[in-house]
Amino acid sequence: MNIHWLQHVPFEGLGCIEPWLIENGHAVSCTRLWAGDRLPDIENIDGLIVMGGPMGVYDEAIYSWLAEEKAFIQQIIAQNKPVLGICLGAQLIAEVLGSRVTRLREQAAGNVWKNSQREIGFFPVAGDGKIFPEEFTAFHWHGDTFGIPEGAVHLASSAACENQAFIYKDNVLALQFHLETTEQSLLSLYAHCKDEVTCGPFIQTLEKMKPFFPMLGEANVLMRELLKRLFV
C-alpha cells in the first residue's frame, strides 16, 4: 500500500509507526504542512495517517493550510480508504465527521464540568476490551478534546478526558493518546513544548515521566496491532 502521512510540526514524526510500515512493505510519503508542501493526488495514496501538533483545529486564521487539510481528510474518508489520526489528527477527523473539538477547560452544558483537565504524561486509559485492552497506560499530550461523531463507536476514556478514541466504519481510527511514541520522540516533543508543562493533576514533569519510559515498548506493541487492523 502507498501510505501517506501529514506532519504539522517538524518535531512530531511517526515514532514506531514508520519502521512497521517499511517492514511490512508499504511505500511511505509525507506532506510537511509546516513547510508548505502540497498535498498529493488522492488517487495516488491507499491510506492516510494524520499526526499531532500544538495548534488546534480552530486555528485556520493562523495556519491557512488547515482548511485544505480538512477537505483532503474528508475526501479520503469518503473514498473508504483507511485513516489513522493521532492527537490533533484525531481531532481533525472528528471535526470533518461533524463533531465539535473544544478546549479541555471549556464548560459543558448544564454547568457540569466535563473533560476539564489537560493531560501531559503517562496516565491510565480504560478501553473497550475488544480493539483496546480494558485498561492500559498511554502517553498523553493534549489540551483539546473531541466529540464522538455520529455513526462512530466510542472506544476509550481516561479520568481527565472522556473521549480518548473512536472508530468509524471500521477503517477510520482516531486516538487522542500517543501509542507511537518512542523515548527519542518523547524527549523531542518535551524539548519543544515544555512551556505547556504547568501545574495540574494530570500534568507530569519530565522527571515524573521517566519511570514510565519502559511502558513505551508495550504501547508500541499495541500500536502495531492497530496498524495491522488498518493497513493489512
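Taking the condition in a helix (DSSP H, G or I) and buried (at least 20 other Cβ atoms within 10 Å of the Cβ), does Leu173 pass?
Details: in a helix (DSSP H, G or I): no; buried (at least 20 other Cβ atoms within 10 Å of the Cβ): yes.
Taking the combined requirement at face value, the residue does not satisfy it.
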Looking for something hydrophobic (A, V, I, L, M, F, W, C) and more than 15 Å from the chain's Cα centre (by Cα) - is there at least one such residue anywhere in the range 158-170? yes
So which of Glu23, Glu106 ends up being at pLDDT 95 or above and either loosely packed, with under 15 Cβ neighbours inside 10 Å or under 25 Å from Leu226 (Cα atoms) (or both)? Glu23
Working only within the range 58-89, note down all residues that are under 21 Å from Phe11 (Cα atoms) and of a type in the set (A, V, I, L, M, F, W, C). Ile62, Trp65, Leu66, Leu84, Ile86, Cys87, Leu88
Given the conditions (1) under 21 Å from Cys161 (Cα atoms); (2) in contact with a strand residue (DSSP E or B) (Cβ under 6 Å, 6 or more places away or on another chain); (3) at pLDDT 95 or above; (4) not in a strand (DSSP E or B), report the number of the one that Asn115 does not fulfil. (3)
Within the range 60-80, is even one residue buried (at least 19 other Cβ atoms within 10 Å of the Cβ) and not in a helix (DSSP H, G or I)? no
When you go through (1) within 23 Å of Trp5 (Cα to Cα); (2) in a helix (DSSP H, G or I); (3) over 15 Å from the mean Cα position of the chain (by Cα) one by one for Pro149, which number turns out not to apply? (2)
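The values are calculated or read from the model by the stated rules, or taken from the named source; none is laboratory data. What you are looking at is a predicted structure, and each value in this text was computed from that prediction instead of being measured. Counting neighbours? That spans all protein chains shown, and the Cβs are built from the backbone with ideal geometry, glycine included.
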